[in-house]
């Protein structure tokens with residue numbers, strides 16, 4: 001657009017005229033603020049929902065009895081939004097306390113510590129429930145079961 005065209009639009013007070021489709025600063029700020037007021041809360045709700053979308057990181061094989069030492073583990077993370085954990089057969093056999101980072105495809109990290117006592121429980125083919133560390137103002141309930 002050339003300057004004369006803009007001058008004509010402002011001079012004639014015809015900013016809403018079809019040939020003078022120009023947004024003033026005040027309108028731009030209002031529309032931008034309105035959009036931000038909608039987008040930011042929506043993003044926050046979607047990225048960290050409180051739904052019970054439990055994630056099964058490694059589903060159990062079909063048939064047979066659960067056996068951590070033979071088949072490994074499966075895991076479920078409550079109110080999940082991309083986190084994952086994998087506890088290997090070797091970790092269960094070792095039985096030593098271990099801390100896992102469960103970030104997965106989430107946009108923040110949590111840690112879960114499986115104690116030696118927890119590993120003994122898994123060796124006896126029973127599931128364990130652990131609460132993750134608090135990050136981004138929330139925790140997750142993590143269930144590890146035998147496959």
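Structure above, values below:
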| read-out | value |
| --- | --- |
| Failed item in (1) modelled with pLDDT of 65 or more; (2) touching a strand residue (DSSP E or B) at 6+ places or on another chain (Cβ under 9 Å); (3) over 20 Å from residue 132 (Cβ atoms); (4) surrounded by 14 or more Cβ atoms within 10 Å (Cβ to Cβ), with residue 60 passing the rest | (1) |
| Residue list for segment 104-121, filter: at pLDDT 95 or above and not in a strand (DSSP E or B) | 110, 115, 116, 117, 118, 119, 120, 121 |
| Test set (1) at positive phi; (2) out of contact with any strand residue (DSSP E or B) (no Cβ under 7 Å at 6 or more places or on another chain); (3) surrounded by 15 or more Cβ atoms within 10 Å (Cβ to Cβ) - residue 137 fails condition number | (3) |
| Within segment 92-135, tally of residues that are closer than 13 Å to residue 80 by Cα and touching a residue at least 60 places away in the same chain (Cβ under 8 Å) | 1 |
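The values are calculated or read from the model by the stated rules, or taken from the named source; none is laboratory data. For clarity, every value in this text was computed on a predicted model and none was experimentally measured. Here the Cβ is made from the backbone with ideal geometry for all residues, glycine too, and neighbour counts use every protein chain on show.
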